[in-house]
Amino acid sequence: MPKEFTVTPWKVEGEVDYTRLIKEFGTESVDDKLLNRIKKHTGELHHMLRRKIFFSHRDLNWLLDEYEKGNKFYLYTGRGPSGNTHLGHLVPWMFTKWLQDKFGAELWFQMTDDEKFLFNDKLELEETNRLAYENALDVIALGFKKGKTKIFADTDYAKTLYRQALRVAKKLTVSTTKAVFGLSESDSVGKHFFTTVQSVPAFLPSALAGRNIPCLIPHAIDQDPHFRVTRDIVHKLGYYKPAAIHCVFLPALTGPKGKMSASIAETAVYTTDAPEVAAKKIRKYAFSGGKDTVEEHRKHGGNPDVDVSYQWLRFFEEDDKKLERIYNDYRSGKLLSGELKEILIEKLSVFLKRHQDGREKARKVLDSYIVKD
Ligand code: TYM
């Protein structure tokens, strides 16, 4: 079959066919039966579950079996600190926060300053390490619980991580890193080695406690190749395979193809953008599903399925009724593209203001979230 899209941990391009990804990656879809099972424990479903923004998983049923037996799980997720955090990164983190609240779970949050040094020719280690702590403010601003949340930058937690990464590395061959990540002989040994470090938090709490603790990793589907490797190897080391739940990508502002990328400023809204800056970007760049003239739009209506402002509201507007009204009004032509953009701008302005306040407050408590050795 021809490949019209690419999804790897370092590149997402083209129009992603998520149903096909489930088949190609060998994951399971999040179906209504599973949603009902989750709801039994959480009382309500997060809007990103209701809308199947989290659409795929590995071993969630097993995780819930264990939970129902009283074997509680911890959460693990992360960030590759290559620049400022953008709204796309917040998608798995907001959902992780909900999981922490609903299941009373501990969170281990990895900042891969080593990865971003190894994979980006322009970034020095000092810079990726600085960005790790800058990005940690975004994590804390979302309200993760102090005492239940451990954030670490790889190079500052290296002694603990390295001992475990070695055990993974001993079982990982270069033919696997070539096959899974598309790496080649001319890639640095650092790139081939890196995935071992991302594997470690999937079993570290078990290794430290001396007993197996189930792990759930929420992330966007691009990171799945890492955890395919992790699951194989940690099982051989005697640990549980981590479960995972995967989300689709928040699209770039400029169009529904690919994902929001931190390296192209006009495709992204950063958590540090002033609300007026975000508003300008949306007015100027947000891809519209509207018609060329007001007259035509009123007559034929717009297409919310490709309109980026509408698509973003699916991630950020929690109220189903409101969202449905916007969908119908846009489809019928009652709501114009410009008006739809203003609805998104209003929503994000409130969100950004609150988040930026939270970021400033987070500076004072940052140390109490960080683990180092
Ligand atoms: P990074 O920094 O590329 O991305 C951080 C998290 O955000 C997700 N993501 C997105 N989600 C929705 N829409 C988007 N447009 C979007 N872009 C990125 C990513 O899937 C990720 O969950 N190597 C990792 C860091 C890492 C990690 C982990 C991530 C270390 N351990 C465990 C997830 C789970 C990275 O560079 O992520």
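No value in this document is a laboratory result; all are computed from the given coordinates. Treat the numbers as computed from the prediction; the structure is a model and nothing was measured. Here the Cβ is made from the backbone with ideal geometry for all residues, glycine too, and neighbour counts use every protein chain on show.
Things to note:
- For the chain, the fraction of alpha-carbon pairs in successive 10 Å shells from zero, as %: 5, 23, 33, 26, 10, 3, 0
- One decimal place: the segment Glu317-Lys236 gains 24.9 nm when fully extended, by the rule 0.36 nm per residue minus the C-alpha distance.
- Share, in percent, of DSSP beta bridges within the chain that are antiparallel, nearest 5: 40
- Each label point was placed 7 Å from the Cα along the Cα-to-Cβ direction; for His300 and Lys40 their separation is 4.9 nm.
- Result for the chain in a Gaussian network model with C-alpha springs under 10 Å: among Gly182, Gly78, Gly143, the largest mean-square fluctuation is at Gly182.
- Helical content of the chain, expressed as a calculated mean residue ellipticity at 222 nm, amounts to -15500 deg cm²/dmol (DSSP H runs of 4 or more residues, -39,500 (n - 2.57) each, divided by residue number, nearest 500).
- Backbone N within segment 33-51 under 12 Å of label point (7 Å from Asp101 Cα along the Cβ vector): 44-47
- Choice from Trp93, Trp62, Trp312 showing the highest fluctuation, given a GNM over the chain with Cα pairs closer than 10 Å: Trp62
- The ranking of Phe117, Phe25, Phe194 by Cβ neighbour count inside 10 Å, starting from the fewest, reads Phe25, Phe117, Phe194.
- The chain - percent relative contact order, Cα under 8 Å, separation 6 or more: 21
- In this simple spin-label model, placing a label point 7 Å from the Cα along the Cα-to-Cβ direction at both Ala265 and Lys372 gives a separation of 3.1 nm.
- Exceedance of the 25 Å cut-off in Cα-Cα distance is limited, within the set Lys52/Lys102; Lys116/Lys259; Lys280/Lys361, to Lys280/Lys361.
- Mean-square fluctuations from a GNM of the chain, with a 10 angstrom spring cutoff on Cα atoms, peak among Lys159, Lys334, Lys40 at Lys40.
- Here each label is just a point 7 Å from Cα along the line to Cβ, and for Lys364 and Lys11 those points are 4.6 nm apart.
- Difference of contour (0.36 nm per residue) and Cα-Cα distance, Arg211 to Lys72: 48.8 nm
- Segment Arg51-Phe351, length gained on full extension (0.36 nm per residue, minus Cα span): 106.0 nm
- FRET efficiency estimate (nearest 0.05) - Cβ-Cβ, Glu324 to Lys178, R0 41 angstrom: 0.30
- Shown here for segment 62-149: GluC sites (Glu not before Pro) in loop regions (DSSP other than H, G, I, E, B) with at most 12 other Cβ atoms within 10 Å, namely Glu124.
- Between segment 166-195 and segment 210-248, the alpha-carbon center distance in angstrom: 17
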